[in-house]
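Taking it in order: structure first as structure tokens, then the write-up.
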Amino acid sequence: MFGYVRPSDGHLTAEDKQRFQAAYCGLCRSLGRRYGLAARMILNYDLAFLAMLLSREPECPTAHCRCPAHPIRGCDALEPQSAFDTAADLSVILTWWQLTDGVADHGFFRGLPYRAALLALGRAYRKARARRPGFDERTRAHLEELARLEGERCPSMDRAADAFAALLAGAAEEEPDPVRRRVLEQLLYHLGRWIYLVDAADDLKKDVKSGSYNPLVYRFHAECGTLTAEDRAALAATLDSSVRAMAAAFELADFGPWRAIIESVVYEGLYAVGAAVLNGTFRKGHRRKQRKAGA
């Protein structure tokens, strides 16, 4: 996943900010405990958000732990939860198939970093696949459909976004309660659609330069790698429609101690990131700096 999903600090209490960081570190520890050090390298805010959505625990106690990134001072991490272990499994599978897609998209030499990452993650992926075979199969099928659409240079922005949205919605199948599962399906579907389109906007210039598929090129005739003000307004409208659908689903479920953080993501964070991407002020390096500062 891509790292676009994060809360807005503006209306979070100090306790909520600490809880969010503890969730991030807790997922990191779940990845390390279940899959080893290499799996920790796939961690980002999107995956931590997925873990919070899947969590059903009424409380989220933390413990001070050793941290490979901060061996001297350590970190305060969420104590083990089954939802975070599930999120770790799903994260490995999602990352594996995205790396596989990267190999296919980038040729031999430009695909070497993806091949190296696949090699490092291979053992973890095989373990995750054994634990979550249904999710692995669904993810593979959705990414194959997405690859087919991209290979055909599909002119429909919505068809391409739907393939990725359905992929992420598949994570809701791990929820045993059918009512909550439906809520998560809707929330994750529209989150996946939003991520796909924001990433397309963020990578538009790069994709045009490299000749890679980008649905915005065909939807808005953006062969020059830029969107007009009218195009940006139209894309903002479709992004906002997905956020509103996420908000409607969010209000139907109880997210316990994670509610304030998820609310901040849905009602503020996504709008802020989407606007920054469309205005050209979002920089991917900011995600790494923010993570380092908060870790």
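Pairs, please: C-beta under 9 Å, at least 6 apart or cross-chain, first residue more than 11 Å from Leu184 (Cα to Cα) and at pLDDT 95 or above and in region 235-252, second open to solvent by less than 50 Å² (accessible area, probe 1.4 Å) and not in a helix (DSSP H, G or I)?
Leu235/Leu227
So, in region 117-144, how many residues would count as being within 18 Å of His190 (Cα to Cα) and among the acidic types (Asp, Glu)?
0
What do you reckon, is Ala172 under 25 Å from Arg131 (Cα atoms), assigned to a helix (DSSP H, G or I) and either free of Cβ contacts under 8 Å to residues at least 60 places away in the same chain or open to solvent by 40 Å² or more (accessible area, probe 1.4 Å) (or both)?
Against the criterion (under 25 Å from Arg131 (Cα atoms), assigned to a helix (DSSP H, G or I) and either free of Cβ contacts under 8 Å to residues at least 60 places away in the same chain or open to solvent by 40 Å² or more (accessible area, probe 1.4 Å) (or both)), Ala172 qualifies.
Just the residues that are buried (at least 19 other Cβ atoms within 10 Å of the Cβ) and of a type in the set (D, E, K, R), please, taken from region 24-33.
Once the filter is applied, which keeps residues that are buried (at least 19 other Cβ atoms within 10 Å of the Cβ) and of a type in the set (D, E, K, R), region 24-33 yields only Arg29.
Mind checking which residues of region 12-23 are assigned to a helix (DSSP H, G or I), among the polar types (S, T, N, Q) and either buried (at least 24 other Cβ atoms within 10 Å of the Cβ) or touching a residue at least 60 places away in the same chain (Cβ under 8 Å) (or both)?
Of everything in region 12-23, just one residue is assigned to a helix (DSSP H, G or I), among the polar types (S, T, N, Q) and either buried (at least 24 other Cβ atoms within 10 Å of the Cβ) or touching a residue at least 60 places away in the same chain (Cβ under 8 Å) (or both), namely Gln21.
Which residue, of Arg33, Arg131, Arg29, Arg126, is more than 26 Å from Ile262 (Cβ to Cβ), at pLDDT 90 or above and either in contact with a Ser or Thr (Cβ under 9 Å, 6 or more places away or on another chain) or not polar (S, T, N, Q) (or both)?
Answer to the check: Arg126.
Restricted to region 210-222, and to residues that are part of a helix (DSSP H, G or I) and either of a type in the set (Val, Ile, Thr) or under 19 Å from Asp101 (Cα atoms) (or both), which residue is least open to solvent (accessible area, probe 1.4 Å)?
Looking at residues that are part of a helix (DSSP H, G or I) and either of a type in the set (Val, Ile, Thr) or under 19 Å from Asp101 (Cα atoms) (or both), I get Pro215.
Can you list the helices (runs of 4 or more DSSP H) lying wholly within region 33-120 that have 3 or more residues being farther than 30 Å from Arg153 by Cα and in contact (Cβ under 8 Å) with a residue 40 or more places away in the chain?
45-54, 82-110
The values are calculated or read from the model by the stated rules, or taken from the named source; none is laboratory data. No experiment lies behind these values; they were computed from the predicted model shown. Reconstructed Cβ throughout: ideal geometry from the backbone, glycine too, with neighbour counts over all protein chains shown. Quick note on the areas: whole protein, heavy atoms, side chains included, nothing else; ligands and nucleic acids left out. Shrake-Rupley method; radii C 1.70, N 1.55, O 1.52, S 1.80 Å.
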